[in-house]
Structure formats: C-alpha cells, structure tokens
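**Q** So that we are looking at the same thing, I have put the structure below in structure tokens.
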Amino acid sequence: MKKKVRSAKKAATLELSPEEAASLEQISQRCEQSEHAWQLMTALPCGDETWNQVEEHLLARGGRDCERRWKYFSK
C-alpha cells in the first residue's frame, strides 16, 4: 500500500487572498452576532428563576414510576 506524500512546496503556497480573508472575517462577525442574539433570546427574563424551578420540578416528578409507565405503554 502506497502512502501519498505531499510536497512541502505545495503546502507553502497555500495563502489567503485579501478577498478571502475579508470574507472569512465577515462570516466570523456574523457568527458572533448570531451567538449574541441567541444568548439574548434564551436569557431568563429579568433574571427570573421561575422557569428553571418549574423545569426541575417536572423532571423530578417524571422520574418516579418510570418502570410502571413502560410496562403500561408496552402492552
């Protein structure tokens, strides 16, 4: 089995053009803006922990009798 060997000369010629660099910078900035918008959308309203408490309560309650539920739904 032959291994492909890449020449160092070819690897050294890989450079970004100014247009490619500007394009990648714009994409990076859009991703940062998108991430910031997502964090704002998913943030708790005014630091309210009510939703977290409700979620934790539902998760705790849902864990009980899981075996009985599986037996019921498997019939």
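**Q** Enumerate the helices (runs of 4 or more DSSP H) found wholly within region 5-75, keeping only those where 3 or more residues are at pLDDT 75 or above.
**A** 18-42, 50-62
**Q** Also, quick follow-up: If a residue has to be among the acidic types (Asp, Glu) and surrounded by 10 or more Cβ atoms within 10 Å (Cβ to Cβ) to count, how many in region 49-61 make the cut?
**A** Qualifying residue count, region 49-61: 2.
The values are calculated or read from the model by the stated rules, or taken from the named source; none is laboratory data. Note that the coordinates shown come from a computational prediction; the quantities given were computed from them, not determined experimentally. Neighbour counts run over all protein chains shown; Cβ positions are idealised from the backbone, glycine included.
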